[in-house]
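I have placed the structure first, in the form of structure tokens, so that the comments after it can refer back to it.
The values are calculated or read from the model by the stated rules, or taken from the named source; none is laboratory data. Note that the structure is predicted; figures quoted are calculated from it, not measured. Reconstructed Cβ throughout: ideal geometry from the backbone, glycine too, with neighbour counts over all protein chains shown. Protein only, heavy atoms only, side chains kept; ligands, DNA and RNA dropped before computing areas. Shrake-Rupley method; radii C 1.70, N 1.55, O 1.52, S 1.80 Å.
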Amino acid sequence: MTKDLFTPLQLGRLQLPNRILMAPLTRNRAARPGNVPHALNALYYAQRATAGLIITEASPISPTAHGYPATPGIHGAEQVAGWRLVTDAVHEKGGRIYIQLWHVGRISHPSLQPDGALPVAPSAIRPEGQAFTYEGLQDFVTPRALETSEIPALLEDYRNAAKNAFSAGFDGVEIHGANGYLLDQFLRDRSNHRTDAYGGTIENRSRLLREVTAAVSEEIGPDRVGVRISPINPFNDIADSNPQALFEHVAEELSPLGLAYLHVMEGGIGAGESGPTFDFAALRRKFNGNYVANAGYDKVRANAAIADGKADAIAFGVPYIANPDLVERYARNAALNEPDPNTFYGGDEKGYTDYPTL
Ligand code: PHB
């Protein structure tokens, strides 16, 4: 039988009714102060509960993990209580929801850090570009390189965030290893110039992602954990001399952990172009488990990828901003609402919870 988006899928502990996943999407609408999820966020996610699985927006694991205004944390008691509103609302509608665990590393600014400290990173290398701060765009600064002795506390922050996610009622967590944030900064040889066990060889540069994944898996069970990577996304001034070898190693080393899935962005943010120089099928071969593909898929390409065995599920980002009932629209071959980029980041219910259903 040919599989498609509507073929159920066992994903870790969850039985998904379809393979249409809501991709993680930063929306900058947490309540201030405290970066706390609230009722409007619960409504937004509950509107999208027919997705096979919702993956929340990226959520900072500790105070130093923040790099943007109004992104909801998963490190404080108030935030856990706020997220509980979200998970309850989604579960009441029959949905399933993972939270994405995030540390931005150097993609931050002292004005977003506790006590105005420097952001942390694998190495003291300033990224090109500017940070989004409460005072507007400001040039990135040269971050402070993490000491080797600080890594255990960082692992503890991830572990603690996973524990919080479990208390908040999430079905699992996705570790954000993509898009030029902290774990991706460790993976790449342009941002990681370390000379300890976390830098140098591909094995050493992937050590932190593996240790984070192992720690989180130990805390809540590997079948409640997914990992997201973005091998060819240059976003946030990221680059590597050999992404193919690097990410094949990552896929191979995560494979035996028994994770719920590997989530691969096969392009840049908002774009679907698979670079001709990257062989994503090799990642699929090296990772023995569910392969979730993302970036620029529409229904036709998604069904083809699943039918051809190139992916087990597809995560949709921008289409989910404008179409809370994306599953029903795909099922009925209905037209999609157009997203309004002016309301992607920040604001209120406009462009957030007011997109019409069929
Ligand atoms: C963003 O806020 O622009 C953002 C956040 C997380 C991502 C990508 C983009 O993974």
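Annotation note: Cβ proximity below 8 Å between a residue of the range 30-46 that is at positive phi and buried (at least 16 other Cβ atoms within 10 Å of the Cβ) and a residue that is at pLDDT 95 or above and part of a helix (DSSP H, G or I) (sequence gap 6+ or interchain) occurs for ASN35/GLN79.
Of the residues making up the range 18-43, those that are within 22 Å of GLY172 (Cβ to Cβ) and either within 16 Å of the ligand (Cβ to nearest atom) or touching a Pro at 6+ places or on another chain (Cβ under 6 Å) (or both) number 11.
The set of residues in the range 234-254 that are within 14 Å of the ligand (Cβ to nearest atom), touching a residue at least 60 places away in the same chain (Cβ under 8 Å) and under 27 Å from ILE97 (Cβ atoms) contains only ASN236. If the condition is being out of contact with any Gly (no Cβ under 9 Å at 6 or more places or on another chain), of a type in the set (A, V, I, L, M, F, W, C) and within 16 Å of the ligand (Cβ to nearest atom), then the range 308-358 contributes ALA315, PHE316.
Residues in the range 60-69 that are touching a residue at least 60 places away in the same chain (Cβ under 8 Å) and open to solvent by less than 10 Å² (accessible area, probe 1.4 Å): ILE61, SER62, ALA65, GLY67.
Looking at the range 174-248, the helices (runs of 4 or more DSSP H) lying wholly inside it that each contain 1 or more residues that are touching an Asp or Glu at 6+ places or on another chain (Cβ under 6 Å) and surrounded by fewer than 24 Cβ atoms within 10 Å (Cβ to Cβ) sit at 207-220.
Pull up the range 163-203, narrow it to residues that are polar (S, T, N, Q) and touching a Phe, Trp or Tyr at 6+ places or on another chain (Cβ under 7 Å), then point me to the one that is farthest from the ligand (Cβ to nearest atom). Write out each step before concluding.
Pass one, the range 163-203, residues polar (S, T, N, Q): 164, 167, 179, 185, 191-192, 195, 201.
Those left that are additionally touching a Phe, Trp or Tyr at 6+ places or on another chain (Cβ under 7 Å): 179, 192.
Numbers: ASN179: 4, ASN192: 18 Å.
Once the filter is applied, the top-ranked residue is ASN192.
Among the residues of the range 204-232, just one is more than 12 Å from GLY177 (Cα to Cα) and within 16 Å of the ligand (Cβ to nearest atom), namely ILE232.
Total residues in the range 44-63 satisfying the condition of being within 11 Å of the ligand (Cβ to nearest atom) and over 16 Å from PRO24 (Cβ atoms): the figure is 0.
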